[in-house]
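The values are calculated or read from the model by the stated rules, or taken from the named source; none is laboratory data. For clarity, every value in this text was computed on a predicted model and none was experimentally measured. Here the Cβ positions follow ideal geometry from the backbone for every residue, glycine too, while neighbour counts run over all protein chains shown.
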Amino acid sequence: MTNEDIIARALKNTGIAALNEMQQAVLDVGTTKDLLLLSPTGSGKTLAFLLPLLTTLTDEVKKIQALIIAPSRELAIQIETVFRSLGAGYKVNCCYGGHPLRIESKSLEYPPTVLIGTPGRILDHLERGNIQLDGVKTWILDEFDKSLELGFLDEMKKIAAHLPGVRRRVLTSATAAVEVPGFVGMRKPIRLSFLKENKEVKGLTLRVVKSPVKDKLETLYKLLGELKGGSALIFCNYRETVERVCDYLTKMGVENGCFHGGMEQLERERALAYFRNGSITVFVSTDLASRGLDIAEVKHVIHYHLPVNEEAYVHRNGRTARMHAEGIAYLILNETETVPEYVTREPEEFFLPEVTKKPIVPEWKTIVINRGKRDKLSKKDVVGFLFQKGQLDKADLGIVEIKESCAFAAVKREKVKGLLARIRDEKIKNMRAKFV
């Protein structure tokens, strides 16, 4: 099979009709030279570096042939999901903290063709002797600057020392201010940049909302009531603030998602799944959510805390107004704060009405099934079950996601009570399960 055939088959499996400009440029570079790829979050970098990789893999070598390092668990999982969607048939493993080490070690007994993971967990497996990387020919560092920013320098250096046979290195980033560390060993890389020089995104409206008191909670609640149910991503600088904001919104009856690095992996996956499927439209996070997460277009970005620097500001705003879409970013300022100097465009002031509106309740609600990938449950199984046993119409079922130990299905809110009553004692794929 030619390289063109391999790419065509992969694209057919994903249902993608055509590549964007950046993805085509990466494909045109080939697989013989090192590559530094600079492109915005959400532009399709994952597919861009995976398609050429497919043409280098072979069934004849029973070793790990490609290693992909990502700074966060969510990004690692996202890369694995995209790779599987290509339908190439090669074994792939994804390793990350918060995932049972025992399960990963068992799966690694038979080496995957492609290994994906976070720096700390990959190094852990290396030091335990669970993996050997002497067969790796391609090393991909996705959002590599974020890995360095998160303090993974030592881990990445040690991993590099176990890669004697690497022929090609691919580094990606969503920011232009990057310096390639020497330990990576890049040799005259091709540099492709698709970052816009203008930091202010076209299609982005910037607004200032003034809080009359230092504590911004009440102002945030009033602002959410003006968003007409549109998705809102709220950025805080500290984990403790994320928790405090989420607790307050929950007390006020606003369904919301909480996301930061100190949470258990299942909690993080659940929050992301609910936000993706529309069961929650308010998502509160640290800057962990500004890059490398599989989140669809967000209508509103809210800076509850001012970004720590210009780079953080740009990445946060990059979650909205992508491609040809429009979005709004809000800066909530109390009486002691001013608009940062790096905000080059004068924001308009958004005045909140005296009468506070209650934020709109999402039209979707998620039901959780305590069966998942480890039980060989597929998306098709869940959809068929909910249509047949649950008697749902197509319009009543939204996004379905299958995780390792559970499944999430978005259902129209008014249909949930009847659905749960109908499926309570039913088996799914001949298995007893809990539906909540």
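General remarks:
- Single condition residue 366 does not satisfy, out of (1) surrounded by 14 or more Cβ atoms within 10 Å (Cβ to Cβ); (2) out of contact with any Ser or Thr (no Cβ under 6 Å at 6 or more places or on another chain): (2)
- Taking the range 291-312 as the range and being small (Gly, Ala, Ser) and modelled with pLDDT under 85 as the test, the residues that pass are 292, 296.
- Residue 115 vs. criteria touching a helix residue (DSSP H, G or I) at 6+ places or on another chain (Cβ under 8 Å), among the aliphatic types (A, V, I, L, M), within 26 Å of residue 263 (Cα to Cα) and at pLDDT below 95: no
- For residue 136, the conditions (1) farther than 22 Å from residue 175 by Cβ; (2) modelled with pLDDT under 95 are fulfilled apart from (2).
- Every residue from the range 27-74 that is part of a strand (DSSP E or B) and either among the β-branched types (Val, Ile, Thr) or crowded, with 22+ Cβ neighbours inside 10 Å (or both): 35, 37, 66, 67, 68, 69
- Considering the range 313-340, and only residues there that are among the polar types (S, T, N, Q) and either at pLDDT below 85 or out of contact with any Lys or Arg (no Cβ under 9 Å at 6 or more places or on another chain) (or both), the residue that is surrounded by the most Cβ atoms within 10 Å (Cβ to Cβ) turns out to be 320.
Results for (1) closer than 23 Å to residue 272 by Cα; (2) assigned to a loop (DSSP other than H, G, I, E, B); (3) assigned by TED's automatic domain parsing to the domain that holds residue 145, shown as yes or no for each residue.
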site	(1), (2), (3)
81	yes, no, yes
105	no, no, yes
110	no, yes, yes
116	yes, no, yes
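- Residues that are part of a helix (DSSP H, G or I) and of a type in the set (Asp, Glu) within the range 231-280 comprise 240, 243, 247, 267, 269, listed in sequence order.
- Selection within the range 280-305 - over 14 Å from the mean Cα position of the chain (by Cα) and free of Cβ contacts under 8 Å to residues at least 60 places away in the same chain: 284
- Among the residues making up the range 120-171, those that are within 16 Å of residue 80 (Cβ to Cβ) and part of a helix (DSSP H, G or I) are 121, 122, 125.
- Identity of the residue in the range 281-309, assigned to a strand (DSSP E or B) and not hydrophobic (A, V, I, L, M, F, W, C), that ends up surrounded by the most Cβ atoms within 10 Å (Cβ to Cβ): 285
- Residue match in the range 84-91 (condition: assigned to a helix (DSSP H, G or I), charged (D, E, K, R) and either touching a residue at least 40 places away in the same chain (Cβ under 8 Å) or closer than 28 Å to residue 296 by Cα (or both)): yes
- Within the range 238-294, the set of residues being out of contact with any Leu (no Cβ under 6 Å at 6 or more places or on another chain) and among the polar types (S, T, N, Q) comprises 241, 250, 265, 277, 279, 281, 285, 286, 290.
Every residue, every condition in (1) surrounded by fewer than 16 Cβ atoms within 10 Å (Cβ to Cβ); (2) free of Cβ contacts under 8 Å to residues at least 12 places away in the same chain; (3) of a type outside the set (A, V, I, L, M, F, W, C), yes or no:
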| position | (1), (2), (3) |
| --- | --- |
| 155 | no, no, yes |
| 167 | yes, no, yes |
| 180 | no, no, no |
| 184 | no, no, no |
| 188 | yes, no, yes |
| 203 | yes, no, yes |
| 206 | no, no, no |
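- Qualifying residue in the range 228-241 (condition: at pLDDT 95 or above, surrounded by 17 or more Cβ atoms within 10 Å (Cβ to Cβ), more than 25 Å from residue 350 (Cα to Cα) and in contact with an Asp or Glu (Cβ under 8 Å, 6 or more places away or on another chain)): no
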